[in-house]
Amino acid sequence: MDKKTERTPSIIGGIISIILVISFMKGCIFGNKETTTEVTNNKQETVTKESKQEEQKELTLEEHLKKVDSSIKVTGSKDNGGYYLVTVKYTDDSLKHIANKCYHILKSFKEHKEYNNVNKIGIMIMADFNDKYGNTTEEKSFSVDFPKAELDKVNWDNFLWEKTLELGQEVWMHKTIKQDI
């Protein structure tokens, strides 16, 4: 047997080994996704099982906003004129930090499908206050309303968060808020 025929089986074996290793690595890196074919409106689509699960797990507006701050509560709906009130407990008394918090809430809200039902978004900051007797109560420390017409003008990728409160109307703040903007 000449050397050329002896190397052929080992080259083929090497190529097969490489293909198996690549297939294994692809499964580890990209996961093993089951695909199904669905026919919808006479169009055939391939859908991964993973993407179907993501659709089922779509977050509510409040769950979505809790990514910004876990204390967030949302009230309101399109049924009450599209006014949504976002309430958040916050310990910082700096207007600069409040503006930053409002920016992140509004930007996150805009990314959610519920934003389509909005006419106005109110943000109310709640904080703990101590009275002269040392009793702690949770009270409003800041509130502002943002009309959707103003928010729709914002290019969130270029917008400076320091200007967030300039978009608002009916701004109210407790006398303890530091005006550091």
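Things to note:
- Cα-based Kirkwood hydrodynamic radius, segment 61-173, one decimal, Å: 14.5 Å
- From phi via Karplus (6.51, -1.76, 1.60), per-residue ³J(HN,Hα) for segment 109-122 in Hz, x at Gly/Pro: 4, 4, 6, 8, 4, 5, 4, 4, 8, 7, 10, 7, 10, x
- Our note on the geometry: Cα centres of segment 79-109 and segment 119-167, 4 Å apart.
- Within segment 108-145, the GluC sites (Glu not before Pro) that combine a DSSP coil assignment with at most 14 other C-beta atoms in a 10 angstrom radius are E111.
Where a number appears in this text, it was derived from the coordinates with a stated rule and is not lab data. Keep in mind it's a predicted model, so treat the numbers as computed, not measured. Reconstructed Cβ throughout: ideal geometry from the backbone, glycine too, with neighbour counts over all protein chains shown.
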